[in-house]
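Notes to accompany the following structure.
The values are calculated or read from the model by the stated rules, or taken from the named source; none is laboratory data. Here the structure is a predicted model, which means the values were calculated and not measured. Cβ placement follows ideal geometry from the backbone for every residue including glycine, while neighbour counts extend to all protein chains displayed.
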Amino acid sequence: MAGRVKVNLGDRSYYIHCGVGLLAEAGRLLKPLKLAAPCLVVSNPTVAELYWPQLEQSLREEGWQPHLTLVPDGEEAKSLKVAAELYDACLAAGIERGAAIMALGGGVTGDVAGFVAATWLRGIAFIQLPTTLLAQVDASVGGKVAVNHPRGKNLIGAFYQPAAVIADLDTLATLPPREMRAGLAEVIKYGVIADAAFFEYLEENIEKILTGDRELLERVVLRCCAIKAEIVAADERENDLRAILNFGHSLGHAFEAVGGYSTYNHGEAVALGMVAAARLAVRRSSFSPQESVRLVNLLQRTGLPVDLPPLKAQALLAALELDKKMRHGRLRMVIPERLGQVKITLVALEEILPLIS
């Protein structure tokens with residue numbers, strides 16, 4: 001069972017492979033790229049213990065010379081310090097032009113490994129091997145790579161597309177339930193921004209999806225990737241259309257930051273951000289209360305938070321101060337018009353504060 005989606009970007013086009021047992025096929029799937037044998041595989045201790053043996057065997061069987069290097073779990077991996085350590089690992093492994101860096105893990109691992117790939121020798125091939133639902137449907141696709149600055153998330157980064165993405169659904173079986181739910185927040189996002197029929201499909205099947213049903217998960221991952229691939233192909237560098245992928249993220253990042261990146265994980269924060277955006281849209285009479293209720297109900301059934309935490313104006317302003325979505329003191333937000341369609345608008349902070357106070 002496997003499928004694939006093409007991200008059409010001219011001579012930088014690539015495929016997203018999705019299915020079961022794909023890590024054991026990674027060497028074969030990547031062979032057509034004709035990359036140099038040495039490669040650096042970046043992972044974290046938890047993921048590497050589970051999946052490095054089968055990936056290493058698959059790569060070596062096809063003539064690769066993989067070198068594993070580990071980064072910490074969590075956001076602390078997304079730092080210039082860790083990036084510098086990965087540059088040292090590239091030197092030690094003999095990673096030259098024509099070679100590749102591979103990310104085996106979730107979105108954090110992909111971000112820092114991708115940042116290093118984009119900057120090592122002015123850019124070498126980058127392979128995404130996402131092992132979380134959130135990374136498979138969102139973070140691994142589209143070429144956003146970054147590390148954090150002490151004063152803000154993802155402030156140091158680039159647009160740098162992978163040469164391939166291999167999403168092995170078997171890796172989701174070991175995903176903690178909380179992380180599975182976090183990934184489903186991004187899945188629900190796609191239904192709201194681009195596909196009302198897909199949103200309805202999620203309403204009908206969310207409980208079965210939560211059980212890890214492979215057939216349903218493949219359909220979900222491929223549909224999300226297809227939506228994102230279409231958006232990225234039309235607007236790679238987020239000049240306009242791609243910004244709709246930020247639905248729920250504008251305030252979501254603020255909820256993450258105020259919580260010290262420990263109260264809420266990314267998916268939970270995005271869920272709260274979607275609730276806030278929906279409430280704002282209802283207040284503006286641009287989104288029906290009935291559809292807002294459907295969104296909240298689906299998030300609740302998924303096990304995601306929907307009760308907005310109270311934030312003081314000063315804390316919110318501090319969290320948003322360096323946000324890339326701020327424009328002249330106003331927040332660039334994505335708000336729904338109806339399920340399957342959203343719009344990008346500038347929102348004064350005075351409109352946001354009543355939602356969270």
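Output yes when any residue across region 309-323 is out of contact with any strand residue (DSSP E or B) (no Cβ under 6 Å at 6 or more places or on another chain) and modelled with pLDDT of 95 or more, and no when none is.
No, because not a single residue in region 309-323 is out of contact with any strand residue (DSSP E or B) (no Cβ under 6 Å at 6 or more places or on another chain) and modelled with pLDDT of 95 or more.
Do you know which residues across region 201-219 are free of Cβ contacts under 8 Å to residues at least 40 places away in the same chain, assigned to a helix (DSSP H, G or I) and not basic (K, R)?
Scanning region 201-219 gives Y201, E204, N205, I209, L216.
Given the options S43, S13, name the one that is among the small types (G, A, S), in the same structural domain as A125 (by TED's automatic domain parsing), surrounded by 14 or more Cβ atoms within 10 Å (Cβ to Cβ) and at pLDDT 95 or above.
Only one candidate passes the filter, namely S43.
Can you tell which of G94, G106 is farther than 21 Å from R223 by Cα and either touching a residue at least 40 places away in the same chain (Cβ under 8 Å) or surrounded by fewer than 24 Cβ atoms within 10 Å (Cβ to Cβ) (or both)?
After ruling out the rest, the residue left standing is G94.
Return the only residue of E96, E49 being part of a loop (DSSP other than H, G, I, E, B), over 22 Å from N148 (Cα atoms) and of a type outside the set (V, I, T).
Within the list E96, E49, the selection yields E96.
Kindly list the number of the only condition in (1) surrounded by fewer than 21 Cβ atoms within 10 Å (Cβ to Cβ); (2) among the basic types (K, R); (3) in contact (Cβ under 8 Å) with a residue 60 or more places away in the chain that fails for K189.
Of everything listed in (1) surrounded by fewer than 21 Cβ atoms within 10 Å (Cβ to Cβ); (2) among the basic types (K, R); (3) in contact (Cβ under 8 Å) with a residue 60 or more places away in the chain, K189 misses just condition (1).
Please work out if S250 is among the hydroxyl-bearing types (S, T, Y) and under 28 Å from L9 (Cα atoms).
So S250 passes the test.
What's the number of the condition R294 fails, among (1) over 14 Å from L355 (Cβ atoms); (2) not in a helix (DSSP H, G or I)?
Answer for R294: the failing condition is (2).
If T119 satisfies every condition in (1) on the phi < 0 side of the Ramachandran plot; (2) assigned by TED's automatic domain parsing to the domain that holds K34; (3) crowded, with 23+ Cβ neighbours inside 10 Å but one, which is the exception?
Against the list (1) on the phi < 0 side of the Ramachandran plot; (2) assigned by TED's automatic domain parsing to the domain that holds K34; (3) crowded, with 23+ Cβ neighbours inside 10 Å, T119 comes up short only on (3).
Kindly indicate the residue of region 272-314 that is of a type in the set (G, A, S) and in contact with a Gly (Cβ under 7 Å, 6 or more places away or on another chain) and also surrounded by the most Cβ atoms within 10 Å (Cβ to Cβ) among those meeting that condition.
That would be A277.
Consider only pairs whose beta carbons are under 8 Å apart and that are at least six residues apart or on different chains; among these, list those whose first residue lies in region 258-273 and is within 12 Å of L308 (Cα to Cα) and whose second residue is crowded, with 22+ Cβ neighbours inside 10 Å and of a type in the set (D, E, K, R).
From residues that are within 12 Å of L308 (Cα to Cα), the pairs are Y264/E256; E268/R181; A269/E256; V270/E186; V270/K189.
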